[in-house]
1. Any idea which residue in region 80-113 is farthest from GLU210 (Cα to Cα), counting only those that are assigned to a helix (DSSP H, G or I) and touching a helix residue (DSSP H, G or I) at 6+ places or on another chain (Cβ under 7 Å)?
2. Need the failing condition index for ILE95 against (1) modelled with pLDDT of 90 or more; (2) more than 20 Å from ALA10 (Cβ to Cβ); (3) not charged (D, E, K, R), just the number.
3. Return the residues of region 184-210 that are among the charged types (D, E, K, R) and loosely packed, with under 13 Cβ neighbours inside 10 Å; say none if nothing qualifies.
4. Please verify whether region 104-111 includes one or more residues that are in contact with a His (Cβ under 6 Å, 6 or more places away or on another chain) and not hydroxyl-bearing (Ser, Thr, Tyr).
5. Restricting to region 81-104, name every residue that is surrounded by fewer than 12 Cβ atoms within 10 Å (Cβ to Cβ) and within 29 Å of the chain's Cα centre (by Cα).
6. Take the residues in region 63-80 that are among the aliphatic types (A, V, I, L, M) and farther than 21 Å from ARG106 by Cβ; name whichever of them is surrounded by the fewest Cβ atoms within 10 Å (Cβ to Cβ).
7. For a quick check of your reading of the model, give me the residue pairs whose first member lies in region 192-219 and is in contact (Cβ under 8 Å) with a residue 60 or more places away in the chain, whose second is of a type in the set (S, T, N, Q), with beta-carbon atoms closer than 8 Å and at least 6 apart or on different chains.
Amino acid sequence: MKGVRGKAPAFQFYVADWLSDERLRACSVSTRGIWIDVLCFMWKSQDHKLSVTPEGLARMAGATIAEVDCFINENLDHGFCDLEIDYCPGGSVGIEDMQRLHIVSRRFREEEEQRAKWREDWHKRQNKNDKNGDSKKTPKNLHSNSDVSSTSTSTSDLEKNLPSGGKKEAGSKKKKRRKQIPEPFIVTNRMREWFAEKGFVFIDLEVETEKFINHWTAKGEVRADWIATWRNWMINGEGFAKRDQGGDDSWKG
């Protein structure tokens, strides 16, 4: 299953935040019900926005026009979402004169802005690394041929002194080189398929990957297999999120 732009078919829902938000607690049950439906519709949209008529919103949420009117007025009073209203020319401010509602989720918008900022920062780092990489290649090309040949000779002499089958044994014991997290760290299609097959519902692939990159870039530690490290991060992230939202601890095995 794939959502918009390859995202997991779910978004993180913070139960504690929902229950403790004073703005939402001050609203009616019908308003909270409409709002959770609106969040779902915005998540499915390409730009995380919802532009709809009051009648259309009533049909989508299974509500009455009176409940949609209450939703609009309670948001004006408590401001739990960004809402803009297009009115009929020369009309009043009543719901009968509202042509279209434009609703935006602050959280979805902030997350999208964070991802955009991360992409911009990544491109800046990549350009800087490309420039530094070009300057570092020059000194390596200035090594004399004698240095290279002496290294080759030494290696050849060692190989000659190995017992029969020594080359094969030495190769079989060679370990995968440990290195820092790649720049860029790219989530491949196979990794996305693995994430979807796992059926994670408490975490978002893009958000968790961004956390993963920021964490390991800041620590500067080395690993032999960054894809395996990423998979472990996703498994642990799902478990932590599930626990924080009131799930069991069966994920720990």
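1. ILE95
2. The single condition ILE95 does not satisfy is (1).
3. ARG190, GLU193, GLU197 - these are the residues of region 184-210 that are among the charged types (D, E, K, R) and loosely packed, with under 13 Cβ neighbours inside 10 Å.
4. Checked region 104-111: at least one residue is in contact with a His (Cβ under 6 Å, 6 or more places away or on another chain) and not hydroxyl-bearing (Ser, Thr, Tyr).
5. GLU84
6. By that ranking, first place goes to ALA66.
7. From residues that are in contact (Cβ under 8 Å) with a residue 60 or more places away in the chain, the pairs are PHE202/GLN12; PHE202/GLN245; ILE203/GLN12; ASP204/GLN12; VAL207/GLN12; GLU210/GLN114.
Every residue, every condition in (1) touching a Pro at 6+ places or on another chain (Cβ under 6 Å); (2) at pLDDT 90 or above; (3) closer than 22 Å to ALA116 by Cβ, yes or no:
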| position | (1), (2), (3) |
| --- | --- |
| GLU169 | no, no, no |
| LYS173 | no, no, no |
| ASN214 | no, yes, yes |
| GLY220 | no, no, no |
| ILE227 | no, yes, no |
| ASN236 | no, yes, no |
| PHE240 | no, no, no |
| GLY246 | no, no, no |
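The values are calculated or read from the model by the stated rules, or taken from the named source; none is laboratory data. The shown structure was predicted, so the numbers you read here are calculated from the model rather than taken from an experiment. Because the Cβ atoms are built from the backbone with ideal geometry, glycine has one as well, and the counts that use them run over all protein chains shown.
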